[in-house]
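All remarks here apply to the structure that follows.
The values are calculated or read from the model by the stated rules, or taken from the named source; none is laboratory data. Treat the numbers as computed from the prediction; the structure is a model and nothing was measured. Quick reminder, even Gly has a Cβ in these numbers, built from the backbone with ideal geometry, and neighbours come from all protein chains shown. These area figures cover heavy atoms from the full protein model, side chains too; ligands, DNA and RNA do not enter into them. Shrake-Rupley method; radii C 1.70, N 1.55, O 1.52, S 1.80 Å.
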Amino acid sequence: MKKIILLVLAATLTIACNDKNKKEQRYVQDSSGVLNNLSVVIDSDLWKGSVGDAVRDVVTTNVPGLPQNEPMFDVNQIPPQVFKDFATKNRTVLRVSKGKEAGLKIANNVYAKPQKVVFVTGQNNDQIIEILKSNKDKIISAFKAQEVKWRQDQIKKSVLNTDEVEKELGITISFPSIYRFAKKDDNFFWIRKNLSTGTNNVMLYTIPYDSINKEGDIIEQVIKHRDSLGKKYIPGPLDGSYMKTEEAYSPFLFNTTIDNKPTYEVRSTWDIEGTFNAGPFVNYMIEDKPNNRYIVAEGFTFAPSVNKRDFVLELEAIIKSLKVK
């Protein structure tokens with residue numbers, strides 16, 4: 001009898017735990033939202049004043065390397081009293097609260113999943129503004145990483161067969177299945193997608209490890225390599241024309257990682273001399289020291305007369321899925 005009671009008790013506890021887990025799962029709603037659209041939960045009086053100015057200075061900073069100014073995120077301000085139900089489902093949320101201890105907290109899946117929520121608090125306006133200013137890069141990086149990851153998850157639903165790239169370059173990389181191979185030449189691949197207004201493009205190739213002098217001008221070396229490949233593989237409509245780096249813009253250089261490998265990231269614009277063809281590019285030189293090479297992955301967009309921020313983010317999401325075998 002004692003064994004039977006214990007078995008019944010164990011079964012009851014198991015059922016109770018399962019019911020609890022199911023209830024918890026039901027309350028974790030799916031997130032939603034347009035790409036690069038940020039919900040800012042903040043009191044309207046704060047939003048209209050200096051705190052709101054500081055928030056906008058952080059999250060609407062211009063995306064580097066685009067030919068026209070475009071904000072990092074489109075912003076939707078929501079007063080705290082109406083931040084409930086459907087309003088809580090956006091993938092990226094910035095909550096700014098006054099009257100609490102000064103601090104910054106970055107959390108995942110607070111109201112929905114997947115979701116990134118950044119909490120900024122302070123006893124007064126000055127404290128909040130200081131938290132925002134001193135953590136600008138951290139806040140932007142958190143939200144941007146969320147959007148890149150979301151785009152990568154969407155891509156995984158239907159991917160292009162890239163066995164040729166894997167065989168030739170020794171890497172894996174995920175493209176949406178709508179992309180197509182535009183050019184292949186041993187160590188070089190050009191893969192692109194047609195847009196209603198142009199194309200989104202990725203170039204993949206490798207260069208010897210000693211091609212880059214780390215003590216030299218990295219931007220100058222990156223431009224030299226990309227322009228030589230543009231001349232060889234990306235011709236323009238006029239005789240002798242080709243895709244090259246636009247000289248009128250100063251490129252941006254960042255140090256980042258892809259597949260846990262040190263990577264140079266250069267952003268700027270390209271053009272084709274004698275034409276109106278131009279657009280942004282983001283070039284990654286990934287250090288693959290064990291194989292004595294750099295893997296170069298560049299995304300460039302041709303989309304005249306429309307905003308290009310989201311096209312470039314898609315290219316970034318594709319390239320950041322790259323892994324060396």
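Yes/no matrix, rows are residues, columns are (1) under 26 Å from Ser31 (Cα atoms); (2) open to solvent by less than 60 Å² (accessible area, probe 1.4 Å):
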{"residue": "Gln146", "(1), (2)": "yes, yes"}
{"residue": "Val165", "(1), (2)": "no, yes"}
{"residue": "Asn194", "(1), (2)": "no, no"}
{"residue": "Tyr209", "(1), (2)": "no, yes"}
{"residue": "Asp217", "(1), (2)": "no, no"}
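Kindly provide the set of residues from the stretch 106-120 that are on the phi > 0 side of the Ramachandran plot and of a type in the set (A, V, I, L, M), ordered by number.
none
Which of the residues belonging to the stretch 43-65 are among the polar types (S, T, N, Q), part of a helix (DSSP H, G or I) and either free of Cβ contacts under 8 Å to residues at least 60 places away in the same chain or under 30 Å from Ser268 (Cβ atoms) (or both)?
Across the stretch 43-65, the qualifying residue is only Ser44.
Within the stretch 148-161, can you find the residues that are touching a residue at least 24 places away in the same chain (Cβ under 8 Å) and open to solvent by 60 Å² or more (accessible area, probe 1.4 Å)?
Once the filter is applied, which keeps residues that are touching a residue at least 24 places away in the same chain (Cβ under 8 Å) and open to solvent by 60 Å² or more (accessible area, probe 1.4 Å), the stretch 148-161 yields Lys149, Trp150.
So that you can scan it fast, the table gives a plain yes or no per residue for (1) among the charged types (D, E, K, R); (2) at pLDDT 95 or above; (3) open to solvent by less than 10 Å² (accessible area, probe 1.4 Å); (4) out of contact with any His (no Cβ under 7 Å at 6 or more places or on another chain):
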position	(1), (2), (3), (4)
Gly279	no, yes, yes, yes
Met285	no, yes, yes, yes
Lys289	yes, yes, no, yes
Tyr294	no, yes, yes, yes
Glu298	yes, yes, yes, yes
Ala303	no, yes, yes, yes
Arg309	yes, yes, no, yes
Lys320	yes, yes, no, yes
Val324	no, yes, no, yes
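Need the failing condition index for Leu253 against (1) in contact (Cβ under 8 Å) with a residue 40 or more places away in the chain; (2) closer than 21 Å to Gly65 by Cα, just the number.
Just one mismatch for Leu253, condition (1).
If you check Lys138 against the conditions, is it under 23 Å from the mean Cα position of the chain (by Cα), under 18 Å from Tyr284 (Cβ atoms) and charged (D, E, K, R)?
No: the conditions fail for Lys138.
So which pairs qualify, if the first residue must be in the stretch 190-210 and closer than 26 Å to Arg293 by Cα, the second must be among the small types (Gly, Ala, Ser), the Cβ gap must be under 6 Å, and the two must be at least 6 apart or on different chains?
Here the result reads Trp190/Ala182; Arg192/Ala182; Val202/Gly299; Leu204/Ala297, each pair linking the stretch 190-210 to a residue that is among the small types (Gly, Ala, Ser).
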